[in-house]
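Working notes, beginning with the structure itself.
The values are calculated or read from the model by the stated rules, or taken from the named source; none is laboratory data. If you're wondering where the values come from, they're calculated on a predicted model, not measured in any experiment. Every residue, glycine as well, gets a Cβ built from its backbone with ideal geometry; the counts of neighbours run over all protein chains shown. Protein only, heavy atoms only, side chains kept; ligands, DNA and RNA dropped before computing areas. Shrake-Rupley method; radii C 1.70, N 1.55, O 1.52, S 1.80 Å.
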Amino acid sequence: MAVGIVPTSEGSADYNGRITWFVVLSSIVAATGGIIFGYDIGISGGVISMAPFLKKFFPQVFTKMTTVTEISNYCVFDSQLLTSFTSSLYIAGLIASFFASPVTRTYGRRPSIIIGGIAFLIGSALGGAASNIYMLLLGRILLGVGVGFANQAVPLYLSEMAPAKYRGSFNIAFQLCVGIGVLFASLLNYGVQKIKGGWGWRISLAMAAAPATFLTVGAFFLPETANSLIQHGNDHQKAKKILQRVRGTTDVQAELDDLIKASDNSKAVKHPFKQIIKRKYRPQLVMSILIPFFQQVTGINVISFYAPILFQTIGLGASASLMSAVVTGVVGTSATFLALLIVDRVGRRAMFSFGGIQMFVSQMLIGIIMAVKLGDHGVLSKGYGLLVLVLICIYVAGFSFSWGPLGWLVPSEIFPLEIRSAGQSITVAVGLTFTFIIAQTFLAMLCHLKSGIFFFFGAWVAIMTAFVYLFLPETRNLPIENMESIWRDHWFWKRFVCDEQDYDKSDTTYTSIS
C-alpha cells in the first residue's frame, strides 16, 4: 500500500514568476532572525564551559569542576541553576509565541519581525553588561521574547514570499541562518576564551546585537507579504503590486485570485485556535505538534547547547572542546546548504528518511563507544575521541540535512490561511516547550543515563523516521494555497478531511472520497 504521494496541482502551472533580486534581498533580511536564534543556541554552551563565567555566576559548578575528583565524568556540570541560564530563553520564547500569533495575524508578518529584533537588541545588551545572575537571566528572557516573535513570523514570511516551486529552498534559508549563527557563536567562543582577564564571555553574550541590529533596521524596509496584506488589510491592489514586484511579472492574477479566495475563507474564522481543532484540520494539527516535538527529541540540542561540555566529558580540554564545537558547526552549516540546493528536487519525505537513518546509526555507535570505552572516571583515547567527534559530525550532518530545515519548512507550508497563524504558533510553542525541557533536564539526564542518553534519543529518531514514512505526504512544488489536496489524497488522512459533515458544501467543490 502506498503511504504517500507526490501531489500535482493544476494551479501550480498557472502561477507565473521567477526569482527576483527583490524577493531574495527581502528574504535575506528576514532570515537573519535565524542567525540570531542559532547564535543564542550556540553561545550558551561555550559560555558555560568558560571558567571565568562559571566562577562569577555559578561558583558551585566551578568548584565542583576544579576541585572535586571523585565525581563521574557525566555529572560534573549537573546544576539546575546552570541549565536555567540556557533554558530561560526558551520558556520566555514559548510564552511570547502566543502573543506573537495575534500580532502576526492582525498586523502582519513584518511588525512581529520588528518586535523580535528590538527584544533581541535589549536582551543582548543586558547579557553583555550583566553584573549578577538576575541581569543575566533577564537578558536571556528578553532574547527568548525575540525568539518567540521571530520564529513565529520569519518562516511564514519566507514561505509566503517564495515562488511555489522554490519555496523549500527559500524557507531552508532560515535553518541555514540558524546554522551560521551556531557556527559564528562557536568561533567567537573559541576566540574570546583566550582573552586575558576572563571577560571574553561578555563579548560572546553582547555580540548577538550585531545580527539583531541588521534584522531590526532591515525589517523597517521589508515589504509585507501579499498574503498578509489581503488578510488583514483587504488591499487587493497593493497586494497585486507587491506580488508583481516579488514575482518579476505583471501576470500574477491566477496567484492573486487564490490568495483572495483563501483570505475570504480565513476571514470567516474568528477564532483560529478553535478552528484548528476541527476534524478536517486534524492532519495539520497533528503535524504542528509532532514535527516540532520530533525535531527536539532527535537530541540535536545535546550538541547545539552543550557541545563543549559534551566534548569535555569525553576527555577533551576546554580549548579543544570549543574547537570541536566549531567543527560540528561547519559540518552542520554545510549540510543545511546542501539541503537548500536539493529540497525542491528530491522532496521532503526522502530527505526526512535519509537523515533519520544517518542520525540513528551514528547515535547508536556513539552510545556503544562511550559505554564500553569511557566509563565514569576514565578518558577516551585520542583515537576513540576522534572517532566520537567524527560520528557526532555525521549525526549533525544528518540532522542539518533533514529534520533541522524540514522541521521548520513543512509546518510553515501546510496550513491554510485561516489557521496559518494559529498553526505556526502551535508549532513554535511545541518546539520551544520541548527545547526548554531538554535544555533544563539534559545535564541531569547525562548524569543519570550516562552513555544511555544516545540510545534514548536514537530510539526517538527511529520512531519519527517511521512516522514520516507512513503519515507525511509530499509537499514539494505545490502552491501553498492549494496544499489541502495532499491530505484528501493520502491513504490515512483522507478519512478526516473528506468527511462530509465537516465540509460546508456551499464553499467547496471537493467530492468526498469513500
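Run the dipole for segment 123-245 about the Cα centre, Lys and Arg Cβ at +1, Asp and Glu Cβ at -1, nothing else charged, and hand back the magnitude in debye, nearest 20. Walk me through the intermediate numbers first.
Details: 10 positive and 3 negative charges, 48 e Å.
Computed charge dipole of segment 123-245: roughly 240 debye.
Take every Cα pair under 8 Å in the chain that's 6+ residues apart, average their separations, divide by the length, and report that relative contact order as a whole percent.
Values: 923 pairs, mean separation 139.2, N = 514.
For the chain, the relative contact order is 27 percent.
Straight Cα distances below 26 angstrom link Lys194 to the lysines Lys55, Lys56, Lys64, Lys382, with same-chain residues fewer than 8 positions distant left out.
Straight Cα distances below 20 angstrom link Lys240 to the lysines Lys165, Lys261, Lys267, with same-chain residues fewer than 8 positions distant left out.
Here's the picture: charge each Lys and Arg Cβ at +1 and each Asp and Glu Cβ at -1 in the chain, and of Ala429, Pro163, Ala119 the one pushed furthest to the positive end of that dipole is Ala119. The local environment of Leu89, defined by Cβ-Cβ distances under 11 Å, has a net charge of 0 under the rule Lys, Arg +1 and Asp, Glu -1. Dipole size of the chain about its Cα centre, with +1 on Lys/Arg Cβ and -1 on Asp/Glu Cβ: approximately 800 debye, rounded to the nearest 20.
Which listed residue (Trp493, Phe53, Phe457) has the Cα farthest towards the positive end of the charge dipole for the chain, taking +1 on Lys and Arg C-beta and -1 on Asp and Glu C-beta about the Cα centre? With unit charges placed on the Cβ atoms, the residue in question is Phe53.
The candidate values are (1) 100, 58, 42; (2) 74, 50, 37; (3) 84, 84, 45; the one derived from this structure for Cα extents along the principal axes in Å carries the label (2). Placing +1 on the Cβ of each Lys and Arg and -1 on the Cβ of each Asp and Glu in segment 123-271, which of Gly248, Gly128, Phe149 has its Cα farthest towards the positive end of the resulting dipole? Checking the options against the dipole of segment 123-271, the answer is Gly128.
Please list His271, His236, His448, His490 from largest to smallest accessible area, probe radius 1.4 Å, with all protein chains kept in place. Mind dumping the intermediate values first?
Details: His271 110, His236 60, His448 140, His490 0 Å².
Heavy-atom accessible area, descending, gives His448, His271, His236, His490.
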